[in-house]
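Structure, as structure tokens:
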Amino acid sequence: MGRMGTVARKALQDRGLYCGGLARTADPEHAIVASLDDLFAQKPDVLLDLTTQPGSYEISLASVARGIPTVVGASGWSDEQRAALSAMSNERNVGVLIVPNFSIGAILMMRFAQEAARFFPDAEIIELHHSAKKDKPSGTARETALGIERAGKKLPPIHSVRLPGLLAHQEVLFGGPGELLTIRHDSLSRDSFVNGMLAAVFAVLRTRGLSVGLDLQ
């Protein structure tokens with residue numbers, strides 16, 4: 001029943017894919033259930049977690065422990081939590097996707113930034129989000145920075161902005177002699193996350209173990 005959950009529920013219902021969900025309060029009209037046990041009793045094909053920490057870790061680990069393919073859209077995961085989820089997914093031979101950003105444009109921004117890092121050794125990241133976002137830097141910014149590091153460059157600094165009027169925005173700045181390359185993405189509404197969420201829900205059925213990010217082919 002949260003901001004992202006509402007968008008996801010409608011998108012799944014519109015495609016006839018939604019069986020039920022977990023929320024802080026019960027809502028029979030939308031088939032919201034009151035507990036994890038109630039949700040698991042419906043034997044879902046996939047669980048899509050859009051909660052916040054520490055609930056995200058607890059819910060996702062419980063889902064994977066029951067052999068349910070799981071897509072995680074929450075940020076703020078520690079390396080230790082990811083390792084525990086990975087171990088459980090390997091033990092149960094089930095797929096898990098941690099997706100820092102479901103927006104197709106944001107995924108492409110991260111890919112383009114990793115490509116640009118081959119040619120520009122100096123970069124910085126500015127991520128801007130709504131004032132209610134609790135974690136900083138964002139998961140998208142962290143994964144962008146790690147992608148640049150994987151390209152063989154130094155880990156770039158990240159600057160976080162939290163202000164009313166913003167939703168989800170990021171700039172990756174690359175500087176070179178006499179020039180500046182800016183790769184920017186703006187999510188102007190939460191509808192920008194729908195296509196990525198649907199793609200992840202289907203993709204996780206074909207994977208085993210833990211993967212981070214949504215690989216666009």
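The values are calculated or read from the model by the stated rules, or taken from the named source; none is laboratory data. Only a predicted model underlies this, so the values are computations on that prediction, with no experimental measurement involved. Note: ideal-geometry Cβ built from the backbone for every residue, glycine included; neighbour counts use all protein chains shown. Just the protein is used for accessible areas: all its heavy atoms, side chains included, with ligands, DNA and RNA removed. Shrake-Rupley method; radii C 1.70, N 1.55, O 1.52, S 1.80 Å.
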Checklist entry - If one puts a single equal scatterer on every Cα of the stretch 54-112 and applies the Debye formula without solvent, what log₁₀ I(q)/I(0) results at q = 0.12, 0.23, 0.26, 0.28 Å⁻¹? => result -0.30, -0.88, -1.02, -1.11
Item to check | Per residue solvent-accessible surface (Å²) - the chain, probe of 1.4 Å | outcome: 52
Checklist entry - How about LYS154: which lysines have a C-alpha closer than 23 Å to its C-alpha, ignoring those fewer than 8 places off in the same chain? => result LYS136
Item to check | the chain: most fluctuating residue of ASP135, ASP79, ASP186 per GNM, C-alpha cutoff 10 Å | outcome: ASP79
Item to check | Gain upon complete extension [SER189, ARG3; 0.36 nm per residue less C-alpha separation] | outcome: 65.9 nm
Checklist entry - In the stretch 57-164, if every C-alpha pair distance is counted and binned at 10 Å from zero, what percent goes to each bin? => result 14, 37, 33, 15, 1
Item to check | Accessible area (Å², 1.4 Å probe, nearest 10) - THR144 | outcome: 0
Item to check | Gain upon complete extension [GLU149, LEU36; 0.36 nm per residue less C-alpha separation] | outcome: 36.9 nm
Checklist entry - About the Cα centre of the stretch 1-124, what is the dipole size in debye to 20, counting +1 per Lys and Arg Cβ and -1 per Asp and Glu Cβ, all else neutral? => result 280
Checklist entry - What base-10 log of the normalised intensity I(q)/I(0) is obtained for the stretch 1-126 from the Debye formula, alpha carbons as equal point scatterers, at q = 0.10, 0.15 Å⁻¹? => result -0.39, -0.78
Checklist entry - Mind checking the dipole of the chain: about its Cα centre, +1 per Lys or Arg Cβ, -1 per Asp or Glu Cβ, Debye to the nearest 20? => result 100
Checklist outcome for this item: Whole-percent tail of the Cα-Cα distance distribution for the stretch 121-169, cut at 16 Å, equals 38
Next on the checklist: In whole percent, and with a 1.4 Å probe on the protein chains, what portion of the accessible area of the chain is carbon and sulfur?
Outcome noted: 53
Checklist entry - Given the Cα atoms of the chain, and with Rh set as the inverse mean 1/r over their pairs in the Kirkwood sense, what is Rg to Rh to two decimals? => result 0.99
Checklist outcome for this item: Stretched fully, the stretch from LEU108 through LYS43 gains (0.36 nm per residue minus C-alpha distance, one decimal, in nm) 20.0 nm
Checklist entry - For the chain, what is the mean residue ellipticity at 222 nm derived from helices alone (per DSSP H run of n ≥ 4: -39500 (n - 2.57); sum divided by total residues; nearest 500 deg cm²/dmol)? => result -11000 deg cm²/dmol
